[in-house]
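First comes the structure, then the notes that go with it.
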Amino acid sequence: MQGFLGTANWPPLVSLYRVLLALGIGMFVGLEREWRGKEAGLRTFGFAALLGALGGLLGEAYAIVSICLLGILVFILNWQSLKTHNNTVLTTSIALLVTGVIGVLCGVGHTVTPAAVGVIAAGLLAWKERLAVFSHNLTAEEVRSGILLAILAFVIYPLLPATPVDRWGLVVPKTEFVTVIIIALIGLINYILMKIFGPRGMELTAFFGGLVNSRKVIVELTTRLQSMGDALLPSVYRGIILATGSMLLRNVIIVGLFAPDALLYSIVPFALMLACSLLLWLRAPAQPQAQTNEAAPLALESPFRLSAALTFGLTFMFLNIAGALMQRYFGSQSFYFVSVLGGLLSSGSSIASATTLMNHHELPLIVGVTGVILSSLTSILINIPLIRSITKEPAFKRKTFLSLVLIALAGLVGVVINQLFLHAV
């Protein structure tokens, strides 16, 4: 025992650093409790971290004893609170135990992990009201959607095969499922942003909605125009341009996530289309504020739907197989047909498929990048007959037709530049 406590096993500077780190993190967590006027505050949390640090320095048995001593303190704290206020202090109690474990981690030599846990613990304590408001405002469908996405990501995904299951070696379930999860996660983040910002007019919701499904947003906008009259023409037009631009932005994100090398070669056409969309939106007259407030906001969709995820996954897999087989047996140029078909069905699925094929070297870079742009162009142009079939306003039809064709032409110019640049390289 004397040898264990000897100075040789306790380097002064190292031991002091570990103790001070534990003390600093403990006091940082306790600062929030002190500010709220709790019985266990700055000093209590500092002592809890010091106790854990000393236990960590002494060894595993002492670390366990230090946590048990903290458990006794927590019991006494809750017993007094029950007698005095007829309630328990569970949050403070758990925070004390977490602080003790943080001290143990510091005592045995960890630095980043206890610091990160301390910051997270302080954040959970400080954001009490916001977290409570957020959780109380959740609907049953939102909770179910989050649970379902977690099941797909953490239960089903690990069980999928990591090797090809088809005769051509194209379908790797685990790889394909990652794409579906990432796209679903983008939709969930988009939904959270819509929830935070609220439906402040149709334009903001049109932008966020376009990140998931621009076609559905455009159909809803033009349908809303038919039901509410010509007074909404400015907002509907601006919303269509925003939904188109956000769809292009989403496609850029997909390319950047799944095929970073291809992003460099596709940035010119995407940049031209996005710049054209932004210019058209800026030049369009804004809706008067009073009329914007009177208009009902666009409806928020469910954050995650199994049917939508399965549809995306099946479309992605179909395009992936079709694109690879046509490339193998009919040449690279045949992939352009698959890209146009993908743009008619789902540009997100088509572009995810193209980036996957490029990553697996099933598709030449120049063909894949051109296919990505063609899919985006098809997704833009297919909205023109949809708009013309729903709305009856001739001037609005003409204006949206010219705007969408102009965005598509900007993309075609980018494709030509790409072809020249890639062939030159």
Open item on the list: At 1.4 Å probe size, what's the solvent-accessible area of Thr205? Round to the nearest 10 Å².
Closed with: 10
Task: R0 of 22 Å, Cβ-Cβ distance Thr91-Thr113: FRET efficiency to nearest 0.05 - done: 0.50
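What FRET efficiency, computed as 1/(1 + (r/R0)^6) with R0 = 25 Å and r the Cβ-Cβ distance, is obtained for Ala126 and Leu20, rounded to the nearest 0.05? Let's see the in-between values first.
Numbers: r = 23 Å, r/R0 = 0.93.
It comes out at approximately 0.60.
With all protein chains present and a 1.4 Å probe, how do Ile373, Ile76 order by accessible area, largest first?
The ordering from most to least exposed comes out as Ile76, Ile373.
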Open item on the list: Per 0.36 nm of contour for each residue apart, how much would the distance between Thr84 and Ala286 grow if the chain were fully extended, relative to their Cα-Cα spacing?
Closed with: 66.7 nm
Task: Pairwise FRET efficiency - Ala395 versus Ala150, Cβ, R0 = 41 Å, nearest 0.05 - done: 0.25
Open item on the list: Let me cross-check Ile94: its accessible surface, 1.4 Å probe, with only protein heavy atoms counted, in Å² to the nearest 10?
Closed with: 110
TODO: Report the accessible area of Trp127, computed with a 1.4 Å probe over the heavy atoms of all protein chains in place, in Å² rounded to the nearest 10.
DONE: 150
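Could you sort Cys106, Cys68 by their accessible area in this structure, using a 1.4 Å probe and putting the largest first?
Numbers: Cys106 0, Cys68 75 Å².
In descending accessible area the options line up as Cys68, Cys106.
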Open item on the list: On a 1.4 Å probe surface of the protein chains, which of Phe75, Phe270 comes out largest in accessible area, and what is the full order?
Closed with: Phe75, Phe270
TODO: Specify whether the C-alpha gyration tensor of segment 21-169 places it in the rounded, prolate or oblate class, a ≥ b ≥ c being the square roots of the eigenvalues: rounded for a/c under 1.5, otherwise prolate if a/b is larger than b/c and oblate if not.
DONE: oblate
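The values are calculated or read from the model by the stated rules, or taken from the named source; none is laboratory data. What you see is a predicted model; the values in this text were computed from it and never measured. Positions of Cβ are backbone-derived with ideal geometry, glycine not excepted, and every protein chain shown enters the neighbour counts. For the accessible areas, the whole protein counts, side chains as well, though only heavy atoms, and no ligand, DNA or RNA atoms are used. Shrake-Rupley method; radii C 1.70, N 1.55, O 1.52, S 1.80 Å.
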